[in-house]
Amino acid sequence: MGIQPESSGISKAQKLAEMSKPAVVRILDYAVVDWQFSGTNPDVAEYMNAVQYRSVFGGSGSGAIISPDGYIVTNAHVVNGSQLKEEEIANIAFEQLVGEIADYYGYNYQAVYDYMVQYTLYTNVEKVLKVILPGGDELAGEVKSYGGMDNAGKDVAVVKVEAKNLPTLKFGNSDNIENQDNIWVIGYPAAANSDVLSQDSSLVSSMNAGQISATSKKTEQGSPVIQLNAASTHGNSGGPVINDKGEIVGLLTFRGDTVNGQEVQGFNFAVPVNTVKEFVNQAGAKNKKGDIDKLYEEGLIYYWGGYYKNALEKFEAVERLYSKHSEVNRYISLAEKKAPDSKKLWSDYSTIFYIADGIFLLLIVFLMLFTFVMKPKQPKPAAAAPAAVNINVQDILLALQKQQEENKKDD
């Protein structure tokens, strides 16, 4: 960009949010199980008919895009359902179904279980792994590497979607973090999905600030984890923990114990990004930024500095490359409205000066050419004719006479 427009009026947190959120996604991992029920209990039959003999089992989490071509990092437990066998999924879904019926009618769980296990069979299991981009696109995901759920310190998965020109986040180095470093957690907490909010609100991620509480803790298996005090809840799992440079330093993975049935904030843990890198390498992925990131960040810097016309050019370039960008259309609209009040960059003025200097230089060259090359030459004066010689006959005669006398002496 050359000159960096002034943007000191924008807080660090706001800058990080606007630059980072387009690369944070929601991940849905679930299975649909179809049932066949042959029992005669009217309550169970009524319930099965109401749910159309179908159960949905699974959950949601968050993730971060790390490459323009669609590689995403998240927790292994967020995509665990996609790794289970059909029978395992059916068993879990059956227990869930029994619990729903028992709760709905106030029956004893074990009694319902014992009855339904005799008359219920699963006929089909459909596994779904879906990535919802901030712009609203829903893409099928495929797990490329998976750390498993036995060790929270390796609670990492890499998911691939078919896309291009996606916004990304850059990896930092978790070895460089210190206690009390400022961090931010970004994701899609389930607690933010309220009935009073619009459907579009489910596409908006949340960002919470906090600090690193401890850097040297380990799981029972000896894997390092980072403790932090930023608020988080269900749905945040797999979301990026970023530093003040906007770099990923970890992935949120699990929370501390509950007290009186309530989650205790301030006891949250993250997988260090250097552990995440191991699984990214296994997946054959590379963490890199794309043209979208550069253009969007330059546009934000121009916009925050009051250079709305310059910002508009950058945002429109982003829109041409990736029309589903979650933020760019809003910024295009804002920049268009503010364009009449746009500041001018020095580079815009210098371009005018360069043109003027060029014209002035051409004039000088033209004058020099006219003076020294194109000016008509003055005719040279004619060469002076040789002076006329007067021949004296008497001198010639004397010379001849002298010559004759010399000849006689020789004889």
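Looking only at region 128-145, how many residues end up being surrounded by 13 or more Cβ atoms within 10 Å (Cβ to Cβ) and at pLDDT 95 or above?
If we filter region 128-145 for residues that are surrounded by 13 or more Cβ atoms within 10 Å (Cβ to Cβ), which is where we start, we get 128-135, 137, 139, 141-145.
Restricting the remaining residues to those that are at pLDDT 95 or above gives 128-133, 139, 141-145.
Of the residues in that region, 12 qualify.
Considering each residue of region 81-95, count those that are surrounded by 16 or more Cβ atoms within 10 Å (Cβ to Cβ) and in a helix (DSSP H, G or I), and give that number. Show your work before the answer.
Taking region 81-95 and keeping what is surrounded by 16 or more Cβ atoms within 10 Å (Cβ to Cβ), we get 81-84, 89-90, 92-94.
Next, only the ones that are in a helix (DSSP H, G or I) stay: 81-83, 89-90, 92-94.
So the answer is 8.
Which pairs turn up if I take residues in region 73-96 that are assigned by TED's automatic domain parsing to the domain that holds SER55 and farther than 24 Å from TYR53 by Cα and look for partners that are surrounded by fewer than 21 Cβ atoms within 10 Å (Cβ to Cβ) and among the β-branched types (Val, Ile, Thr) with beta carbon separation below 6 Å, at least 6 apart in sequence or on another chain?
Qualifying pairs under 6 Å: VAL79/VAL143.
Within region 211-223, which residues are surrounded by 17 or more Cβ atoms within 10 Å (Cβ to Cβ) and either part of a strand (DSSP E or B) or in contact with a Ser or Thr (Cβ under 6 Å, 6 or more places away or on another chain) (or both)?
ILE212, SER213, THR215
Out of everything in region 52-72 that is touching a residue at least 12 places away in the same chain (Cβ under 8 Å) and not in a strand (DSSP E or B), what residue ends up being farthest from the chain's Cα centre (by Cα)? Break it down into steps so the answer makes sense when it comes.
Pass one, region 52-72, residues touching a residue at least 12 places away in the same chain (Cβ under 8 Å): 53-72.
Within this subset, residues satisfying the condition of being not in a strand (DSSP E or B) are 53, 66-70.
Values: TYR53: 42, ILE66: 7, SER67: 7, PRO68: 7, ASP69: 11, GLY70: 10 Å.
Residue satisfying both the conditions and the ranking: TYR53.
Is one or more of the residues making up region 97-114 under 32 Å from the mean Cα position of the chain (by Cα) and assigned by TED's automatic domain parsing to the domain that holds ALA31? So that I can check it myself, show each step before the final result.
Of region 97-114, the ones under 32 Å from the mean Cα position of the chain (by Cα) are none.
There is no residue in region 97-114 that is under 32 Å from the mean Cα position of the chain (by Cα) and assigned by TED's automatic domain parsing to the domain that holds ALA31.
When region 235-246 is examined, which residues are found to be farther than 13 Å from ILE27 by Cβ and not polar (S, T, N, Q)? Working first, answer last.
Going residue by residue through region 235-246, those that are farther than 13 Å from ILE27 by Cβ are 241-246.
Matches in region 235-246: VAL241, ILE242, ASP244, LYS245, GLY246.
Filter region 106-160 down to the residues that are β-branched (Val, Ile, Thr) and closer than 30 Å to PRO68 by Cβ and list them by number. Explain how you work it out, then say what you get.
Start the filter on region 106-160 by keeping residues that are β-branched (Val, Ile, Thr), which leaves 112, 117, 120, 123, 125, 128, 131-132, 143, 156, 158-159.
Hits for region 106-160 are VAL128, VAL131, ILE132, VAL143, VAL156, VAL158, VAL159.
Given (1) part of a helix (DSSP H, G or I); (2) touching a residue at least 40 places away in the same chain (Cβ under 8 Å), where does VAL131 come up short, assuming only one miss?
The number of the failed condition is (1).
The values are calculated or read from the model by the stated rules, or taken from the named source; none is laboratory data. Since the structure is predicted, the reported quantities are computational estimates derived from the model, not experimental observations. Glycine also receives a Cβ, built like all others from the backbone with ideal geometry; neighbour counts cover every protein chain displayed.
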